[in-house]
Amino acid sequence: MTEKNTSHISTQLIHHGYTPPPDFQAPQPGIFKASTVFFPNVAAMRQRDWKDKSAYTYGTHGTPTSFTLEERLCALEGGKHCVLTPSGLTALAVASFAILKTGDHILLPDNSYGPNKVLAAGELTSFGISHTFYNAMDPQDLASKIKPNTQLVWLEAPGSISMEFPDLIGLIKVCQSHRVLTALDNTWGAGIAFKPFDLLGDGSLSVDLTAHALTKYPSGGGDVLMGSVMTCNDGLATKLKMTMSRLGICVGPNDIESILRSLPTISLRYAAQDLSARQLAQWWKGQKACVQVLHPAVEGSPGHEHWQALCASDGSAGHAAGLFSVMLHPSLAQVQVDAFCDSLSLFRLGYSWGGPISLVVPYNIASLRSNWPSHLQQGYLVRFSTGFEDPQDLIHDLAKAVEQCLNF
Ligand SMILES: Cc1ncc(COP(=O)(O)O)c(C=O)c1O
């Protein structure tokens, strides 16, 4: 006869004796939620090192769910260690905070993601870390701006909004010859367009760190914010984990689940949005209102040859994200450009990219750069992110809005 459980029902429900059978197998990995993690005994509690992935310590230091996504992202980008952050911008911040200290200097491309520049001008400056912007299209300019206290060079390929593709290989070689660490914002490449930890395919050239806004292609839904920082260097990985731990940065399991669910289709989604963006970019080439198409895979676009060398070196069509900009004729008025954006119906006005719905944003380049870049025509820039709508429907939407608003 089994002994009667005399404890209170609350206690019985909390300390219930049932454990489900182990080894549950299904297409998606299980989702584990925890702040508290149990230890079998005090000795195990004292011995556990939260920095390695052999066991669990506390929710902020990882769960089977977060470890699983980190490992899959390492496979995607070719890194060895990965940490997850609550947004792409936090990934950029964690990478900088992990490496830099008072008195250090960093270099950022003038065409980098705006909030990374704002972070440098804000927190980094107030912590006594100085910064300089360099021309991403000129490795000599980068070389000339490296100082004895330069610790980190940020890289981005292509540049945000104006989409010019730098000589990434040349820029990294400059940094390595000066023994300066490199961190690449790899959101556009997403681990698909090129391999940041093996740029030449022979193991001879790598960035030190990547930061990735998982918000874009790994999510693909326009509904999750997350980032990752990755490295192959064990020492840098420890620095990243220490910074994450000291700041208490971590990501919730439900958001991780969304990324784990989307990740298997990333290369299919990336290819579909790439194809669509190239069709739209080609269409713009024939439009009188457009003075320049800014898409790294389109011939004549600034840095196209560097994109080709890195992302299509085998002579194939190569890979590019579903993102491009056009420079509209300077004789158009700003109100016409705004009216054009407003009159689109399939393209929605909104920031970000990689989601299912096509997006459009007008930008004022003069307010984003220290100088008007010589490779950019004068005019009004409009950026498009292609979703999963049929490209012909998107072209029809554009044609209607051009006809209505951009006639001159
Ligand atoms: C190139 C790039 N890096 C980083 C980010 C930041 O990502 P998040 O929006 O997740 O903070 C963005 C967002 O637009 C981006 O375009």
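Derivation of every value follows stated rules applied to the coordinates shown; laboratory data play no part. Quantities reported herein were computed from a predicted structural model and do not represent experimental measurements. FYI the Cβ positions are ideal-geometry reconstructions off the backbone, even for glycines, and counts take in every protein chain you see.
Details
- Rounded to the nearest whole Hz, the Karplus-based 3J(HN,Hα) values (6.51 cos²θ - 1.76 cosθ + 1.60, θ = phi - 60°) of segment 90-106 follow the sequence 5, 4, 4, 5, 4, 4, 5, 4, 5, 9, 9, 9, 3, x, 7, 10, 10, with x at glycine and proline.
- Where only DSSP H runs of four or more residues are counted, the chain gives -10500 deg cm²/dmol as its mean residue ellipticity at 222 nm, each run worth -39500 (n - 2.57).
- Pairwise FRET efficiency - E299 versus S343, Cβ, R0 = 45 Å, nearest 0.05: 0.90
- Here each label is just a point 7 Å from Cα along the line to Cβ, and for K101 and Q140 those points are 3.7 nm apart.
- Cα-based reach from K400 at 20 Å (exclusive), listing lysines while leaving out same-chain residues under 8 positions away: K285, K288
- For T6, T265, T150, order by how many other beta-carbon atoms lie within 10 Å, fewest first: T6, T265, T150
- Between 0 and 90°, nearest 10: helix 64-77 axis offset from the chain longest Cα axis: 30
- With the convex hull drawn around the C-alpha atoms of the chain, the volume per residue stands at 186 Å³.
- Here segment 190-212 is scanned for amide nitrogen atoms under 11 Å from the site 7 Å beyond the Cα of H178 along Cα-to-Cβ, giving none.
- Here the contact order of segment 267-405, divided by its residue count and restricted to Cα pairs under 8 Å and six or more residues apart, works out to 28 percent.
- Sorted by Cβ neighbour density within 10 Å, fewest at the top, the residues L214, L376, L92: L376, L92, L214
- 5 angstrom amide H check on L205, placed H, neighbours 5+ away: L199, L200
- Rounded to the nearest Hz, the phi-derived 3J(HN,Hα) couplings of segment 160-173 under the Karplus curve 6.51 cos²θ - 1.76 cosθ + 1.60 (θ = phi - 60°) are 5, 6, 8, 6, 6, 9, x, 7, 4, 4, x, 5, 5, 4, where x marks glycine and proline.
- Here the Karplus curve 6.51 cos²θ - 1.76 cosθ + 1.60, taken at θ = phi - 60°, turns the phi angles of segment 107-118 into couplings of 10, 10, x, 4, 9, 7, 3, x, x, 6, 5, 5 Hz, with x standing for Gly and Pro.
- Segment 1-71: C-alpha gyration tensor shape, a/c 1.5 cut-off, then a/b vs b/c: oblate
- Burial ranking of peptide ranges 109-122, 225-238 (average Cβ count within 10 Å, highest at the top): 225-238, 109-122
- Look at where the Cα atoms of segment 282-348 and of segment 156-222 average out, and the two centres are 21 Å apart.
- Across segment 223-257, the residues whose backbone nitrogen lies under 14 Å from the label position 7 Å along the beta-carbon direction of S352 are 223-227, 255-256.
- The relative contact order of the chain, computed from alpha carbon pairs under 8 Å that lie at least 6 residues apart in sequence, is 15 percent.
- Cα-Cα over 22 Å, subset of K51/K239; K101/K216; K33/K53; K80/K195; K53/K195; K101/K147: K101/K216; K53/K195
- Tensor-based shape of segment 42-265 (alpha-carbon gyration tensor, a/c under 1.5 rounded, otherwise prolate or oblate): prolate
- Net lengthening on full extension, A121/Q378 (0.36 nm per residue, minus Cα-Cα): 89.8 nm
- Once both labels are positioned 7 Å from their Cα atoms along Cα-to-Cβ, the gap between V335 and I9 label points is 7.1 nm.
- Global form of segment 267-405, assessed from the alpha-carbon gyration tensor, a/c cut-off 1.5: oblate
- Helix 334-343 axis, angle to the chain major axis (alpha carbon atoms, nearest 10°): 50
- Peptides 176-184, 80-88 ordered by average Cβ neighbours within 10 Å, highest first: 80-88, 176-184
- The label point for S267 and the one for N41, both projected 7 Å from the Cα toward the Cβ, are 4.7 nm apart.
- Fewest-first sequence of T19, T215, T68, T125 by Cβ atoms within 10 Å of each Cβ: T19, T125, T68, T215
- Helix 234-247 and the long axis of the chain differ in direction by around 80°, with both axes built from C-alpha atoms.
- Taking 0.36 nm per residue of sequence separation and removing the Cα-Cα distance, the D234/Q287 pair yields an extension gain of 14.0 nm.
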